[in-house]
Amino acid sequence: RGVELDLRVALAEQQFALAFQPFLDLTANRIAGFEALVRWHHPARGVVSPAAFVPVAEETGLIVPLGEWVLRRACQEAARWPDPVRVSVNLSPVQFRTGDIDATVIAALRDAGLDPHRLELEITEGVLLQDTPSTLAILHRLKGIGVRIAMDDFGTGYSSLGYLRAFPFDKIKIDRSFVADLSVRPDALAIVRAVTTLADSLGMSTTAEGVETEEQLAHLRGAGCTEVQGYLISRPVAAEAVAPMLGGA
Ligand code: G
Ligand code: G
Ligand code: MN
Ligand code: NA
């Protein structure tokens, strides 16, 4: 397959880069951290979105070395940011199938000199769906050393509530489809309120994704959301643009 070969070359030739999108803590009114989002700078096709190549990387298993590169790069960058600021990394279910993602994470933290509390891992329900007994053990081990675990794209799957019972997430990321509907559908606001209340009572924080308007932001504040992320706050930016956003040089 052409894309697979291209991806192998891309890994070898380091054609990948990370973009960073901030999330804002609504109580402190401060940037709490940045989500690392992988980009492929293809020599002929330009910047390729992960939506176009992550599925191929997953099918071919290339997501394992690519995911390790993302983790290491993200931890190295975050080690240069001021202390409470976190970095958030998306993990694919496929990365859990090798059974040693915890060792990979721990090595990335150690080599970068990053405190585990400053790393957050975003997983989708696909991770918990694949019923390998080791998955929960791995998540508990990472949480045990202080790594934060977030449930990504919450509300889009089939039995998200069950997953909240299966694992004590630190944070729930409310899918941007609910945020997009906030101004147009009253039920979307009811759902967001219900999720923040549920998260609160489970000791989890919430991040609303895809916030694009002041009106959405006002609704989310009212609903008691902990953090917001989206184009209204900032688009994903290059690594060099992070320090200036934090008030540094
Ligand atoms: O970055 P957007 O800008 O296009 O990302 C599209 C999708 O790709 C999102 O669902 C996001 O979670 C996923 N994605 C981005 N970076 C990574 C990554 O490093 N690893 C994995 N597994 N998914 C990623
Ligand atoms: O699935 P995940 O949440 O990791 O996906 C992050 C994706 O969401 C990236 O593709 C990112 O570019 C996109 N994104 C981030 N903020 C916004 C936003 O405000 N609006 C829209 N439409 N997409 C966003
Ligand atoms: Mn994410
Ligand atoms: Na998401």
**OP:** Keeping to region 170-195, report how many residues are within 16 Å of ligand 1 (Cβ to nearest atom) and assigned to a loop (DSSP other than H, G, I, E, B).
**Re:** 1
Subject >> Residue within region 112-131 that is more than 15 Å from ligand 4 (Cβ to nearest atom), crowded, with 20+ Cβ neighbours inside 10 Å, under 30 Å from E215 (Cβ atoms) and not aliphatic (A, V, I, L, M) present >> reply: no
**OP:** Inspect region 37-53 for any residue being among the β-branched types (V, I, T), surrounded by fewer than 17 Cβ atoms within 10 Å (Cβ to Cβ) and part of a helix (DSSP H, G or I) and give the result as yes or no.
**Re:** no
**OP:** Looking for whichever is farther than 19 Å from V56 by Cα and touching a strand residue (DSSP E or B) at 6+ places or on another chain (Cβ under 9 Å) here; the options are P133, P84, P93. Which one fits?
**Re:** P84
Original post:
What pairs can you find where one residue is in region 193-220 and closer than 22 Å to E35 by Cβ, the other is away from ligand 3 (no atom under 16 Å from the Cβ) and in a helix (DSSP H, G or I), and their Cβ atoms are less than 6 Å apart, with a gap of 6+ or different chains?
Top reply: T196/A223; T206/T196; T206/A199; A208/L220; V211/L217; H219/L189
**OP:** Tell me which residues, restricted to region 4-43, are among the aliphatic types (A, V, I, L, M) and more than 14 Å from S88 (Cα to Cα).
**Re:** L5, L7, V9, A10, L11, A12, A17, L26, A28
Original post:
If you check A103, A57, which single one turns out to be among the small types (G, A, S), out of contact with any strand residue (DSSP E or B) (no Cβ under 7 Å at 6 or more places or on another chain), in a helix (DSSP H, G or I) and more than 12 Å from ligand 1 (Cβ to nearest atom)?
Top reply: A103
**OP:** Report the residue count in region 136-169 for those that are assigned to a helix (DSSP H, G or I) and either surrounded by 17 or more Cβ atoms within 10 Å (Cβ to Cβ) or within 13 Å of the chain's Cα centre (by Cα) (or both).
**Re:** 7
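No value in this document is a laboratory result; all are computed from the given coordinates. Note that the coordinates shown come from a computational prediction; the quantities given were computed from them, not determined experimentally. Counting neighbours? That spans all protein chains shown, and the Cβs are built from the backbone with ideal geometry, glycine included.
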